[in-house]
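See below for the structure under consideration.
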Amino acid sequence: MNYPSKLIEEAVIEISKLPGIGKKSALRIALHLLKRDEKQTLMLSEALVQMRTKTGFCKQCHNISDTDICLICHSPRRDSSLLCLVEDTRDVLAIENTSQYNGLYHILGGIISPLSGIGPNDLNIQSLLNRLEQNHEIKEIILALSPTMEGDTTAFYLQKKLKPFSIKISTIARGIPIGGDLEYADEVTLGRSILSRISYE
Ligand SMILES: [Zn+2]
């Protein structure tokens with residue numbers, strides 16, 4: 001592609017490095033940023049700089065946070081006897097959006113994946129064990145990991161590591177999506193939903 005300006009070309013190259021954005025969309029975004037009010041574009045770049053340089057991680061749960069301890073860990077309204085283990089911050093956002101969970105979180109920062117060279121030591125597992133040693137309030141740990149082979153490997157490893165603490169360990173239910181047709185569910189999902197059936201109330 002020929003660009004009318006070297007500066008636009010540089011901006012397009014940087015924008016196109018973002019996920020899901022190709023060169024064409026990047027050019028459209030760059031031209032839009034150039035065309036709109038200068039103040040607004042500067043506000044966007046300032047917001048990005050602030051986010052990138054000032055945002056850190058919660059020292060307790062490893063969630064993204066502007067403060068040492070995040071708002072969830074800090075809140076007196078959360079149930080501190082429940083701890084939900086998730087792979088990353090996106091999972092916290094997804095669970096928070098359901099408004100069905102009021103406990104705390106611990107973010108592993110990934111999942112055990114021998115193929116990608118990610119082992120237990122690359123995840124926030126030691127900090128989880130330290131947290132449990134120091135905090136005896138936690139009564140139940142919910143494993144909310146993806147229903148994949150890596151998710152299962154990670155859950156198996158964690159369950160072994162957590163055993164000495166004698167805390168109740170549960171996993172999120174797996175089954176047929178609400179509004180889904182049984183005949184269209186894949187065999188693994190249908191099989192698992194039969195195995196983890198619940199009593200009818
Ligand atoms: Zn936190």
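The values are calculated or read from the model by the stated rules, or taken from the named source; none is laboratory data. As the structure is a prediction and not an experimental result, all values here were calculated from the model. With ideal geometry, Cβ positions are generated from the backbone for all residues, glycine too; neighbour counts draw on all protein chains shown. Side chains included, ligands, DNA and RNA excluded: accessible areas come from the protein's heavy atoms. Shrake-Rupley method; radii C 1.70, N 1.55, O 1.52, S 1.80 Å.
Selection of first residues in segment 47-60 that are within 18 Å of Leu128 (Cα to Cα) and of second residues that are in a helix (DSSP H, G or I) and within 16 Å of the ligand (Cβ to nearest atom), restricted to Cβ pairs under 7 Å at least 6 apart or on distinct chains, gives the following pairs, ordered by first then second residue: Cys58/Cys73; Gln60/Cys73; Gln60/Arg131. Residues in segment 99-131 that are without any contact (Cβ under 8 Å) to a residue 40 or more places away in the chain and of a type in the set (A, V, I, L, M) were compared, and the one that is most open to solvent (accessible area, probe 1.4 Å) is Leu115. Residue count for segment 141-153 under the criterion of being open to solvent by less than 40 Å² (accessible area, probe 1.4 Å) and not in a helix (DSSP H, G or I): the result is 5. The criterion of at least 2 residues that are open to solvent by less than 50 Å² (accessible area, probe 1.4 Å) is met by the following helices (runs of 4 or more DSSP H) wholly inside segment 1-93: 6-15, 23-35, 71-74.
Is it true that Leu82 is in contact with a Leu (Cβ under 6 Å, 6 or more places away or on another chain) and of a type in the set (A, V, I, L, M, F, W, C)? The answer is no for Leu82. What residue, of Leu85, Leu93, is within 14 Å of the ligand (Cβ to nearest atom) and touching a residue at least 24 places away in the same chain (Cβ under 8 Å)? Criteria check complete, one pass: Leu85. Restricting to segment 159-184, name every residue that is part of a helix (DSSP H, G or I) and closer than 28 Å to Pro114 by Cα. If the condition is that a residue be part of a helix (DSSP H, G or I) and closer than 28 Å to Pro114 by Cα, then Gln159, Lys160, Lys161, Leu162, Lys163, Pro164, Phe165 are the ones that fit. So which residues in segment 136-158 are under 18 Å from Gly119 (Cα atoms) and charged (D, E, K, R)? Within segment 136-158, Glu150, Asp152 qualify. When the residues of segment 40-72 are filtered to those that are of a type in the set (Gly, Ala, Ser) and within 16 Å of the ligand (Cβ to nearest atom), the one that is farthest from Val86 (Cα to Cα) is Gly56. Summed over segment 161-201, residues that are closer than 30 Å to Ile125 by Cβ and of a type in the set (Gly, Ala, Ser) total 7.
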